[in-house]
Amino acid sequence: MGIRRKGRELALQALYQIEITGDASAAAVDLFLSHFEGSAPAKEFARRLVSGVVSQRPDIDRLIEQCTVNWRLVRMAKVDLLILRMAAYELIFCPDIPLNVSLDEAIEMGKRFGTGDSGSFINGVLDQLAHAEIAKAH
């Protein structure tokens with residue numbers, strides 16, 4: 001498994017813990033990551049994603065809500081929402097990560113960790129978000 005894929009999986013798990021406990025401190029994330037296998041670069045990438053999602057969450061959530069019809073965030077499956085947040089952070093705030101990579105990774109994570117419908121749901125939301133961001137840039 002690649003460094004960034006492992007980092008995304010660790011970040012998803014850490015974001016889930018934050019969602020449940022409400023503790024988004026760096027110490028809590030570090031403690032969480034210390035309990036899982038992964039290379040130092042994978043864990044550093046996970047920290048980058050978690051920190052970014054936490055710090056940009058209001059903006060990310062607003063954008064996700066704009067791209068979903070008849071879906072409030074509280075009604076979404078937690079795993080799907082966390083994957084969407086992480087992918088949205090990558091799309092908007094990580095120019096070093098190619099757009100298609102962020103989209104593909106999010107869809108695969110949805111298929112792996114979500115429900116049978118997660119991959120297509122995530123794909124639809126992120127496709128709208130990506131088109132909106134591209135249009136905004138031009």
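The values are calculated or read from the model by the stated rules, or taken from the named source; none is laboratory data. All figures in this text were calculated on a predicted structure; none of them were measured in a lab. Here the Cβ is made from the backbone with ideal geometry for all residues, glycine too, and neighbour counts use every protein chain on show.
Just a few scattered comments:
- Phe32 meets each of the listed conditions (1) under 19 Å from Phe121 (Cβ atoms); (2) more than 11 Å from the chain's Cα centre (by Cα); (3) in a helix (DSSP H, G or I); (4) of a type in the set (Phe, Trp, Tyr) apart from (1).
- Exclusive hit being in contact with an Asp or Glu (Cβ under 8 Å, 6 or more places away or on another chain) and either surrounded by fewer than 20 Cβ atoms within 10 Å (Cβ to Cβ) or of a type in the set (Ser, Thr, Tyr) (or both), set Leu91, Leu73: Leu73
- One residue from Gly119, Gly52 being part of a helix (DSSP H, G or I) and free of Cβ contacts under 8 Å to residues at least 24 places away in the same chain: Gly119
- Members of segment 55-103 that are without any contact (Cβ under 8 Å) to a residue 40 or more places away in the chain and basic (Lys, Arg): Arg57, Arg62, Arg72, Arg75
- Filter result (of a type in the set (Asp, Glu) and within 25 Å of Met1 (Cα to Cα)) within segment 19-42: Asp30, Glu37
- Scope segment 1-11; condition part of a helix (DSSP H, G or I) and either within 15 Å of Asp104 (Cβ to Cβ) or of a type outside the set (A, V, I, L, M, F, W, C) (or both); matching residues: Arg4, Arg5, Lys6, Gly7, Arg8, Glu9
- Members of segment 74-96 that are modelled with pLDDT of 95 or more and of a type in the set (Val, Ile, Thr): Val79, Ile83
- Considering segment 22-49, and only residues there that are of a type in the set (Gly, Ala, Ser) and free of Cβ contacts under 8 Å to residues at least 24 places away in the same chain, the residue that is surrounded by the most Cβ atoms within 10 Å (Cβ to Cβ) turns out to be Ala28.
- If only residues of segment 94-109 that are under 24 Å from Ile20 (Cα atoms) and in contact with a Leu (Cβ under 9 Å, 6 or more places away or on another chain) are counted, the one that is surrounded by the most Cβ atoms within 10 Å (Cβ to Cβ) is Ala106.
- Note on segment 93-116: among residues that are assigned to a loop (DSSP other than H, G, I, E, B) and of a type in the set (Gly, Ala, Ser), the one that is farthest from Pro58 (Cα to Cα) is Gly116.
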